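The values are calculated or read from the model by the stated rules, or taken from the named source; none is laboratory data. Everything numeric here is computed off the predicted structure, so don't read it as measured data. Neighbour counts run over all protein chains shown; Cβ positions are idealised from the backbone, glycine included. Accessible surface areas use protein heavy atoms only, side chains included; no ligands, DNA or RNA. Shrake-Rupley method; radii C 1.70, N 1.55, O 1.52, S 1.80 Å.
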Protein chains: 2
Amino acid sequence: MSLVARLERAVPGRVVSDPVGLAPYTADRSGHRAAGRPIAAVEPETVEEVQEVCRIASAEGVPVVTRGAGTGLAGGAIAGPGELVVSLMRMDRILEVSRENRLAVVQPGILNAALNAELAQYGLWWAPDPASRDISTVGGNIAMNAGGLLCAKYGVTREAVLALKVVLIDGRVIDVGHRTVKGVTGYDLCALMIGSEGTLGIVVEATLKLVPIVTGEPVTIGAFFDRLDDAAGAAAEISRRGLVPAILELLDRPSLDCVAAYTGERLNETADAYVLAQCDGPDAERTGAGVAQALREAGGDVRSTTDPAESERLWSLRRNVFPAVEAASGGLLVEDIAVPRDRMVDAFAAIRSIERRYEVSIPTGCHAGDGNLHPVFSYDDGGAVPDRIWEAAGEVFQTALDLGGTLSGEHGIGLLKRRWLADELGDAQFELQRGVKELFDPRGLLNPGKVFAV
Amino acid sequence: MSLVARLERAVPGRVVSDPVGLAPYTADRSGHRAAGRPIAAVEPETVEEVQEVCRIASAEGVPVVTRGAGTGLAGGAIAGPGELVVSLMRMDRILEVSRENRLAVVQPGILNAALNAELAQYGLWWAPDPASRDISTVGGNIAMNAGGLLCAKYGVTREAVLALKVVLIDGRVIDVGHRTVKGVTGYDLCALMIGSEGTLGIVVEATLKLVPIVTGEPVTIGAFFDRLDDAAGAAAEISRRGLVPAILELLDRPSLDCVAAYTGERLNETADAYVLAQCDGPDAERTGAGVAQALREAGGDVRSTTDPAESERLWSLRRNVFPAVEAASGGLLVEDIAVPRDRMVDAFAAIRSIERRYEVSIPTGCHAGDGNLHPVFSYDDGGAVPDRIWEAAGEVFQTALDLGGTLSGEHGIGLLKRRWLADELGDAQFELQRGVKELFDPRGLLNPGKVFAV
């Protein structure tokens, strides 16, 4: 029996093998595209179906690419020739919400925003908040250990997952983690799965740690700065003073220029940077006042408000950055370094220097609360990222490592950054990480070529 | 050259090989003791010395037991015949405190309380708060993924560690994790090391995630209940209402009896349980009022205070439990299951049933905020834990698993619980965990027999 026929028997009526249906699986939001189409895509609806698909793939030696909504920015869920896609988009149910245990059990295909809309009815919230939350799945968030705007205060995805049900490539199921807040039985394979980018197993169910929804009136603060260094320094100073805003974003002048060109708005033309902060929870007023004062002392032209309309106005600049940058270019490479908060000034200086040397504009927005910078490289042609851009990006990565940071804060390695991974990890750790991969997937059938070159 | 002579050259003047000096390393606080003394103990002061000791141990094929303060409750750091102890107690320095990056870099031998005393001067706090914090090391907390009283609100040790420097058994060093809040470069080997009980490598430096010290007046609440079920149910109800106390402890009647006998105090004699709660931070007053109301509605006789002296009085009962239980018996086995919050009532019912069937008193205190129960088995003779006690404990473990919980919330597996580990993990995960061990330590030289039987 052919592979497709076997799959059709395992997942009846939910095997895609026509070119049009398969085309979307060859790309994600990184701009990268596979050289050709995968063999087929299956859309299982149950754990048992995923198990059976894995057994078939193992028997046939066919590589498996697990797929959520395909919103990744590192090429982590792109499938090409000879590969089989397992799309989890039909496994999108909420299996349980428990206020007593402050957890939800969900299937991986549910969208982050859809889950949170449902949880809101229980007064609960799943904190991971990637910019993609309206269009990305919980399973995808787990696969990439997604970050977002709120991480300095509310943590990353790893801190918001209690347990996972995982199908191994041979079709067996493991339950890792605990349904309880505490649990120390052996190695933390649950944390190991989070951020593993589909290379160790297929997450088919997740027990999520929830928090009570944040109540009260948030304080929103916007501030223009004449000097970016002052703005970046203020972010470190806010931390030094023990203040914890929920959101602290920073935009540089090239980002502001893109927005001005995009919206036709006349932004503060002498400003070199814009900072947007939001403070929430029972301490919002005190924290907001402290943040506003720190920004003002650092030279910011500060506006602070609790009025929703005025808050929205302060937000709009930040919201428009990516649409603006996208509109201005043929192709984009959105990068994702993180550095210690007190090295952001140095990171921006290095980016400005790289801009000059490569004669390329690199508008950079920044989750300043946690030192996560997104330098955006645009190029005219909409095709593959040009070598010159990769060279410039390579210098940005090296800068991050030199400053004690990392080459990916939240987007992951995928296809696009694997050539730099060993530079960060060092040989001994790189070797151990490859050993972990081999332990879970000895034949290299799970998302081959992602994270590690084959 | 003899092993001791080689060690003496690597760690001059800091090799212990006399029987008196070695005796403490044969036990921890679990009551368990090794059958004999280890070969030697070394007390390195630098990373390089640890590396050299590992190289010697590897060359000689000598097993290495890494040791902090020896306060463990699962036999995880006990060393016996043929083994070499690496004590990290001399590596106790704080290398860096950064308010800007809200982190500290420390050596593993520093005591948790000593670190926090120093951090307080910076307005910062490392949240892991095991009951042993005055006498246990940060390295030990990391090795066991220590919990404590504050975990439902402030998380466990894993959530408070950013990065680790680890010496592998062959003497190589890896740096795992990130200095930044975010970082997604490959597998999370930092989380994998946390809770690995000295079986994968030796942690020689830790970058700790700090939080601003909690300010404001805490609200302390004590409540006696006529029925334990009402008290345990109230804990789940508090969570259901979206209230997050910092501390929520529950003591059962056998615990109260021990305290009454120990202090001579006449406690509320009709009470079946006592609940102690503490609410802190900017929301302390509102949360405290909500918690007090929930306890009252559940039938509790509630006292609530912000007065330090009255607060101390409410606390004293909880503080006296372990000294009281210890004083009442020859030997103790302190157990450590965790169950979902809404199954605590069932867990206590099962413990009462086991008490009757085994004719043994099992006073049980409970971190009710996170469902972590400590059933204490006492026996007359101070020697090894009798088989009958292990049988009763085994039933408690099975109860935890049946209720969707875990056989260890915070004490770990060590020597004492390894025979039940596979019951919780299942065969496929148990096999993968053993594979992880083999990957990091192919010759089985790191803390052999701990977590997994050799």
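Just checking, how many residues over region A:361-370 are more than 14 Å from chain B (Cβ to nearest Cβ) and either among the aromatic types (F, W, Y) or open to solvent by less than 10 Å² (accessible area, probe 1.4 Å) (or both)? Walk me through how you get there before you give the answer.
Here is the first cut: in region A:361-370, the residues more than 14 Å from chain B (Cβ to nearest Cβ) are A:361-365.
Add one more test, that the residue is either among the aromatic types (F, W, Y) or open to solvent by less than 10 Å² (accessible area, probe 1.4 Å) (or both), and what stays is A:362-364.
The total comes to 3.
Inside region B:371-419, can you point out the residues that are touching a strand residue (DSSP E or B) at 6+ places or on another chain (Cβ under 6 Å), open to solvent by 10 Å² or more (accessible area, probe 1.4 Å) and not in a loop (DSSP other than H, G, I, E, B)?
Matches in region B:371-419: B:H374, B:S378, B:Y379.
Filter region A:105-121 down to residues that are open to solvent by 20 Å² or more (accessible area, probe 1.4 Å) and not aliphatic (A, V, I, L, M) and give me whichever is nearest to A:N141 (Cα to Cα). Don't jump to the end; show me each part of the working.
Applying the first criterion (open to solvent by 20 Å² or more (accessible area, probe 1.4 Å)) to region A:105-121 yields A:111, A:113-114, A:116-118, A:120-121.
Filter once more, keeping what is not aliphatic (A, V, I, L, M): A:116, A:118, A:121.
Numbers: A:N116: 13, A:E118: 18, A:Q121: 22 Å.
The residue in question is A:N116.
Among the residues of region B:58-67, is any among the acidic types (D, E), modelled with pLDDT of 95 or more and assigned to a helix (DSSP H, G or I)? Walk me through how you get there before you give the answer.
Restricting attention to region B:58-67, the residues satisfying the condition of being among the acidic types (D, E) are B:60.
Filter once more, so that each one left must be modelled with pLDDT of 95 or more: B:60.
Those still in the list that are assigned to a helix (DSSP H, G or I) too: B:60.
Yes, region B:58-67 has at least one match.
Among the residues in region B:350-358, are any modelled with pLDDT of 95 or more, over 23 Å from B:Y274 (Cβ atoms), over 19 Å from the mean Cα position of the chain (by Cα) and of a type in the set (G, A, S)? Lay out the reasoning, then the answer.
Within region B:350-358, the subset modelled with pLDDT of 95 or more is B:350-358.
Within this subset, residues satisfying the condition of being over 23 Å from B:Y274 (Cβ atoms) are B:357-358.
Next, from what is left, pick out any that are over 19 Å from the mean Cα position of the chain (by Cα): B:357-358.
Still in the running and of a type in the set (G, A, S): none.
The answer is no; no qualifying residue exists.
Any idea which residue in region A:286-304 is surrounded by the most Cβ atoms within 10 Å (Cβ to Cβ), counting only those that are within 31 Å of the chain's Cα centre (by Cα) and among the polar types (S, T, N, Q)?
Looking at residues that are within 31 Å of the chain's Cα centre (by Cα) and among the polar types (S, T, N, Q), I get A:T287.
Scan region B:129-153 for residues that are in a helix (DSSP H, G or I) and either modelled with pLDDT of 95 or more or of a type outside the set (G, A, S) (or both) and jot them down. Don't jump to the end; show me each part of the working.
Step one: of region B:129-153, the residues in a helix (DSSP H, G or I) are B:138-144, B:151-153.
Passing the criteria: B:V138, B:G139, B:G140, B:N141, B:I142, B:A143, B:M144, B:C151, B:K153.
Matching residues to (1) away from every other protein chain (no Cβ under 14 Å); (2) open to solvent by less than 40 Å² (accessible area, probe 1.4 Å); (3) touching a residue at least 40 places away in the same chain (Cβ under 8 Å):
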| site | (1), (2), (3) |
| --- | --- |
| A:A77 | yes, yes, yes |
| A:E83 | yes, yes, yes |
| A:L103 | no, yes, yes |
| A:G123 | no, yes, yes |
| A:I135 | yes, no, yes |
| A:G139 | yes, yes, yes |
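Report the residue count in region A:392-420 for those that are within 24 Å of A:V345 (Cβ to Cβ), more than 17 Å from the chain's Cα centre (by Cα) and charged (D, E, K, R).
Number of matching residues: 2.
Tell me which residues, restricted to region B:159-177, are under 15 Å from A:A191 (Cα atoms), facing chain A (nearest Cβ under 7 Å) and either open to solvent by 10 Å² or more (accessible area, probe 1.4 Å) or within 13 Å of the chain's Cα centre (by Cα) (or both). Show your work before the answer.
Step one: list which residues in region B:159-177 are under 15 Å from A:A191 (Cα atoms), which gives B:159-163, B:176-177.
Keeping just the survivors that are facing chain A (nearest Cβ under 7 Å) gives B:159, B:176.
Of everything in region B:159-177, just one residue is under 15 Å from A:A191 (Cα atoms), facing chain A (nearest Cβ under 7 Å) and either open to solvent by 10 Å² or more (accessible area, probe 1.4 Å) or within 13 Å of the chain's Cα centre (by Cα) (or both), namely B:E159.
Could you list all residues from region A:181-194 that are at pLDDT 95 or above and within 7 Å of another protein chain (Cβ to nearest Cβ)? Explain how you work it out, then say what you get.
Residues of region A:181-194 at pLDDT 95 or above: A:182-194.
A:K182, A:G183, A:V184, A:T185, A:G186, A:Y187, A:D188, A:L189, A:A191, A:L192, A:I194 - these are the residues of region A:181-194 that are at pLDDT 95 or above and within 7 Å of another protein chain (Cβ to nearest Cβ).
Just to be sure, is A:P81 closer than 24 Å to A:A384 by Cα and either in contact with a helix residue (DSSP H, G or I) (Cβ under 9 Å, 6 or more places away or on another chain) or not in a helix (DSSP H, G or I) (or both)? Quick ask: steps written out before the conclusion?
Details: closer than 24 Å to A:A384 by Cα: yes; either in contact with a helix residue (DSSP H, G or I) (Cβ under 9 Å, 6 or more places away or on another chain) or not in a helix (DSSP H, G or I) (or both): yes.
Taking the combined requirement at face value, the residue satisfies it.
Show the residue pairs that are 6+ apart or on different chains and have beta-carbon atoms under 8 Å apart, the first residue being within region B:433-447 and under 14 Å from A:L439 (Cα atoms), the second being in a helix (DSSP H, G or I) and open to solvent by 10 Å² or more (accessible area, probe 1.4 Å).
Note: pairs meeting the criteria are B:Q433/B:L425; B:G435/A:L439; B:V436/A:L439; B:L439/A:L432; B:L439/A:G435; B:L439/A:L439; B:F440/A:L432.
Being part of a helix (DSSP H, G or I), open to solvent by 50 Å² or more (accessible area, probe 1.4 Å), more than 10 Å from chain B (Cβ to nearest Cβ) and not polar (S, T, N, Q) is the requirement here; does A:R434 meet it?
Details: part of a helix (DSSP H, G or I): yes; open to solvent by 50 Å² or more (accessible area, probe 1.4 Å): yes; more than 10 Å from chain B (Cβ to nearest Cβ): no; not polar (S, T, N, Q): yes.
Answer is no for this residue.
Considering only region B:323-342, state which residues are open to solvent by 10 Å² or more (accessible area, probe 1.4 Å), of a type outside the set (A, V, I, L, M, F, W, C) and away from chain A (no Cβ under 14 Å). Before the answer, list the steps.
Filtering region B:323-342 for residues open to solvent by 10 Å² or more (accessible area, probe 1.4 Å) gives B:323, B:326-330, B:332, B:334, B:341-342.
If we keep only those that are of a type outside the set (A, V, I, L, M, F, W, C) too, we end up with B:323, B:326, B:329-330, B:341-342.
Residues satisfying the conditions are B:P323, B:E326, B:S329, B:G330.
Which residues, counting only those in region B:89-101, are open to solvent by 10 Å² or more (accessible area, probe 1.4 Å) and away from chain A (no Cβ under 14 Å)?
B:M89, B:R90, B:D92, B:R93, B:I94
Within region B:188-221, take every residue that is of a type in the set (S, T, N, Q) and touching a Leu at 6+ places or on another chain (Cβ under 6 Å) and give me the one that is most open to solvent (accessible area, probe 1.4 Å).
Going residue by residue through region B:188-221, those that are of a type in the set (S, T, N, Q) are B:196, B:199, B:207, B:215, B:220.
Keeping just the survivors that are touching a Leu at 6+ places or on another chain (Cβ under 6 Å) gives B:199, B:207, B:220.
Working: B:T199: 0, B:T207: 18, B:T220: 2 Å².
Among them, the one singled out is B:T207.
So, in region A:29-56, how many residues would count as being out of contact with any strand residue (DSSP E or B) (no Cβ under 9 Å at 6 or more places or on another chain), within 30 Å of A:W390 (Cα to Cα) and open to solvent by less than 70 Å² (accessible area, probe 1.4 Å)?
If we filter region A:29-56 for residues that are out of contact with any strand residue (DSSP E or B) (no Cβ under 9 Å at 6 or more places or on another chain), which is where we start, we get A:32, A:35-37, A:45, A:48, A:52, A:55.
After this cut, where a residue has to be within 30 Å of A:W390 (Cα to Cα) as well, the list is A:32, A:35-37.
If we keep only those that are open to solvent by less than 70 Å² (accessible area, probe 1.4 Å) too, we end up with A:36.
Qualifying residue count, region A:29-56: 1.
Can you report the number of residues in region A:141-158 which are facing chain B (nearest Cβ under 9 Å) and within 18 Å of A:F440 (Cα to Cα)?
1
Here's the yes/no breakdown for (1) open to solvent by 10 Å² or more (accessible area, probe 1.4 Å); (2) within 14 Å of chain A (Cβ to nearest Cβ); (3) under 19 Å from B:A349 (Cα atoms); (4) of a type in the set (A, V, I, L, M):
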| residue | (1), (2), (3), (4) |
| --- | --- |
| B:A223 | no, no, no, yes |
| B:R241 | yes, yes, no, no |
| B:L251 | no, no, yes, yes |
| B:P254 | yes, no, yes, no |
| B:D257 | yes, no, yes, no |
| B:A260 | yes, no, no, yes |
| B:G264 | yes, no, no, no |
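Which is more than 7 Å from every other protein chain (Cβ to nearest Cβ), closer than 27 Å to A:E335 by Cα and touching a Lys or Arg at 6+ places or on another chain (Cβ under 8 Å), of B:T207, B:T199?
On the way: B:T199 fails: closer than 27 Å to A:E335 by Cα.
From the options B:T207, B:T199, the qualifying one is B:T207.
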